[in-house]
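Colleague: Starting off with a structure, shown below.
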2 protein chains.
Amino acid sequence: MADLAELAGVSKITVSRALSESPLVNAETRERVQALARKHGYKLNVSARNLRLRRSHTVAVIVEMKPSTERTMWDPYPLSLLGGISQELTSAGYSVLLTTRQGASHAAVQAADGLILLGQGARQDAVRLYDKLGLPMVVWGAAGDGGDNHTVVGSDNHQGGVEVAERFLSIGRRHPVFIGNPDHPEMAQRLFGFIDELTRHGIKPLLLRRVDFTLESGVDAVRSLWARKVRFDAIFACSDLLAMGAIRALVELGQTVPNDVSVIGYDDTPLGASFLPPLSSVRQNWQEGGVLLARKVLAMIHGQPVQSQMMATTLVVRAT
Amino acid sequence: MADLAELAGVSKITVSRALSESPLVNAETRERVQALARKHGYKLNVSARNLRLRRSHTVAVIVEMKPSTERTMWDPYPLSLLGGISQELTSAGYSVLLTTRQGASHAAVQAADGLILLGQGARQDAVRLYDKLGLPMVVWGAAGDGGDNHTVVGSDNHQGGVEVAERFLSIGRRHPVFIGNPDHPEMAQRLFGFIDELTRHGIKPLLLRRVDFTLESGVDAVRSLWARKVRFDAIFACSDLLAMGAIRALVELGQTVPNDVSVIGYDDTPLGASFLPPLSSVRQNWQEGGVLLARKVLAMIHGQPVQSQMMATTLVVRAT
DNA sequence: GAGGTGAATGATATCGATATCAAGATATCG
DNA sequence: CGATATCTTGATATCGATATCATTCACCTC
């Protein structure tokens, strides 16, 4: 910038003003300086600016969806959110700093203007940890206890459960089963919604705990029900893969879907949609979720009041 | 840092040295300063350090896989690579700055120590654009013309095509069809590999151009073949979705897979693996790809010699 | 005991930008 | 025509860290 100043025959500060479109500088001077800057390929030193302005124009995104730290980055789940976040933040002129929880101790994260936490961690420990940093923070997940310094955005898992229950009830199902892992706060909400709605009609679902969200796990779940000779006519699975596994096992056992047993999955993956038969599923709009997360951090950074928000889910009824 | 210096009764510079584990400082002093730093929650100002050291310990990842700029972040493809990149870089103490091409003009990207470009853009224009920045750069994609300042990492699409051809030949197929979009450099490589190997055995495949990589597009492709009464006994589809669509159409038309027609997809998605029948497909290891990308940039940043590299593909033979 | 060695610490300058205050040039007004 | 307002520019200090060179002091050797 000093060089530019010399070239243009003005002072550094005038160059600075010209490049930042300050109205304090003469239009002609501004043009001249900007032309020179382009010509010589001048590049602003972001560190210097950030140092002076005491802000980084950066939001750190910490990904930690599962207890298994090894695999966190691999699930398509956080990655979809990331898409929305990234688009919204970059178009607002902010940078996205991507880290896993291990990397989050690095200094760069602390320099961020705000934090987006994907996944609350077991027992909210991650949330508490980052709350201490005192940065504007938005968390993706189930609505927490609140009262902290952070905002929560998530999809309304409780409502998702309710919708599935309503659907089952409306088509006359009376012996529903829930497959999933209620230790996970978001899954728990789905279960609660499911139970709440069923209970209002005097029905009590069976809870089948499954930790792995794989196709095999779904197959296994149904087989175990069958082996125990449990009577059931509807399955609410916490993921599409579980649901597809369940259907596959049902078919093997000579059951037809949806005549004998209705099955509804969760997440409405393309995978489920192109399954045969096409899977009914609860859709969460992750793109929108990401955008919302980004908007909330930005609002917090700008000191605007921000509220937690749960996004509506949609039950997509296909063939199962 | 100045405050810490006063508290500890030493100078700023000594504090700096103590916190950076410099051997120039007395062990006892170092302990004392570090204890104070912890106690008062001291946080290093990264901007200041970066300014002084003239580096940012940051690698920018620019995502631009498809001509359609709107959707770039949504394909699971770049996102998987991102996982590997992120883990490798953060564990090496580097930060990952995530941007789309639109956001890449922002100053923060230019401040990065290195660049990872996911997707070369149509006609390599993106590559050329960023090459100008003069930063260490690694590009994911098909091996380019080389000779530029960047390194290319990608999976060996040509070999992938060859492997599929070999498989078809080994099971006696004589009328293969290729479905995909040869305008895309990576797809083109697959096609070339496919053709090269087949030609060695005097066989010429049929090329069916399809731009969309959806299930519907695959269905449509096979129907059009059928309508034209083309004779074919093997299909190499450029994506698993295309392959699954093709199979679905074949089944509708009364053909059996793989008895009448063999089908092989690309990418070995979980989707394909849990398809019925389980899809044969060419696997690219994206996790490894991401790790490799990260390692190469780091090497370039450290001034070590780096070479472009194509990763081997694996043909996973399942039921189709 | 003079000179040399090495360990520990400090003073100062510096990285590249911007905020603040000051000042010169020009325009406007009665 | 002088005074005040407006526009434009500049000098200086500053953000928070680290590199460089200088200094102090204890200890060792001959």
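Read-outs throughout are calculated quantities, based only on the coordinates presented, and are distinct from any laboratory measurement. Bear in mind that the values here come from a model prediction, so they are computed numbers and not experimental data. In this analysis, Cβ positions are derived from the backbone assuming ideal geometry, glycine residues included, and neighbour counts consider all displayed protein chains.
Colleague: For segment A:2-44, just run the numbers: alpha carbon Rg, then divide by 2.2 N^0.38 Å, N being how many residues it has.
Modeller: 0.97
Colleague: Right, something else. Which Rg and Dmax, in Å, describe the Cα atoms of the protein assembly as shown?
Modeller: Computed over the Cα atoms of the protein assembly as shown, radius of gyration and Dmax are 27.9, 89 Å.
Colleague: Can you pull the mean other chain C-beta count within 10 Å for peptide B:261-273?
Modeller: For this peptide, the per-residue mean of nearby foreign Cβ atoms is 1.
Colleague: Under a Cβ-only charge scheme (Lys and Arg +1, Asp and Glu -1), can you give me the dipole magnitude of segment B:2-44 about the Cα centre, in debye to the nearest 20?
Modeller: 100
Colleague: Hey, got the average number of other protein chain Cβ atoms within 10 angstrom for residues in A:89-97?
Modeller: Mean number of neighbouring Cβ atoms from other chains: 6.
Colleague: Okay, next question. Compute the label-point distances linking residue B:203 to its equivalents in the other copies; points lie 7 Å from Cα along Cα→Cβ; give nm, one decimal, shortest first.
Modeller: Residue B:203 label point versus its equivalents elsewhere: 5.3 nm.
Colleague: At what distance in angstrom do the alpha carbon centres of segment A:126-140 and segment B:1-60 lie from each other?
Modeller: Value for the Cα centre distance between the two parts: 25 Å.
Colleague: Find how many whole Å separate the alpha carbon centroid of segment B:245-309 from the alpha carbon centroid of segment A:234-272.
Modeller: Measuring centre to centre over Cα atoms gives 26 Å.
Colleague: I've got another one for you. Arrange the peptides A:236-248, B:125-137, A:265-277 so that the one whose residues have, on average, the most other Cβ atoms within 10 Å appears first.
Modeller: Answer by packing, highest mean first, reads A:236-248, A:265-277, B:125-137.
Colleague: Under a 5 Å amide H to amide H cut-off, with H placed in plane at 1.01 Å, what residues pair with residue B:263 once short-range neighbours are removed?
Modeller: Counting only residues 5 or more places away or on other chains, the set is B:235.
Colleague: Here's something else I'd like to know. Dipole of the protein assembly as shown, Cα-centred, from +1 at each Lys and Arg C-beta and -1 at each Asp and Glu C-beta, to the nearest 20 debye?
Modeller: Roughly 800 debye for the protein assembly as shown.
Colleague: Another question, if that's okay. Using the charge dipole of chain A (Lys, Arg: +1 at Cβ; Asp, Glu: -1 at Cβ; taken about the Cα centre), state which of A:314, A:160, A:50 has its Cα farthest towards the positive end.
Modeller: My answer, from the dipole projection, is A:50.
Colleague: What order do you get for A:181-188, A:37-44 when each peptide is scored by the mean count of other beta carbon atoms within 10 Å, highest first?
Modeller: Put in order of decreasing packing, that is A:181-188, A:37-44.
Colleague: Okay, moving on. Can you list the copy-to-copy distances for residue A:255, using a point 7 angstrom from Cα toward Cβ, in nanometres, shortest first?
Modeller: The projected label point of residue A:255 is separated from its counterparts by 3.5 nm.
Colleague: Going by amide H atoms built from the backbone, whose H comes under 5 Å of the H on residue A:100, apart from near neighbours?
Modeller: Amide H neighbours of residue A:100, under 5 Å, 5+ apart: A:63.
Colleague: Of the listed pairs A:296/B:43; A:43/B:296; A:12/A:39; A:296/B:296; A:39/B:296; A:132/A:296, which have alpha-carbon separations greater than 28 Å here?
Modeller: As for pairs spanning more than 28 Å Cα to Cα, those are A:296/B:296; A:39/B:296.
Colleague: Mind checking B:51-58 for the average number of partner chain beta-carbons within 10 Å of each residue's beta-carbon?
Modeller: For this peptide, the per-residue mean of nearby foreign Cβ atoms is 3.
Colleague: How fast does segment A:157-283 diffuse by Stokes-Einstein, in µm²/s, taking the Kirkwood radius from C-alpha pairs at 25 °C and 0.890 mPa s?
Modeller: In µm²/s, the coefficient is 176.
Colleague: On each of the three principal axes of the Cα atoms of segment A:222-312, give max minus min coordinate, whole Å, ordered largest first.
Modeller: 59, 27, 17
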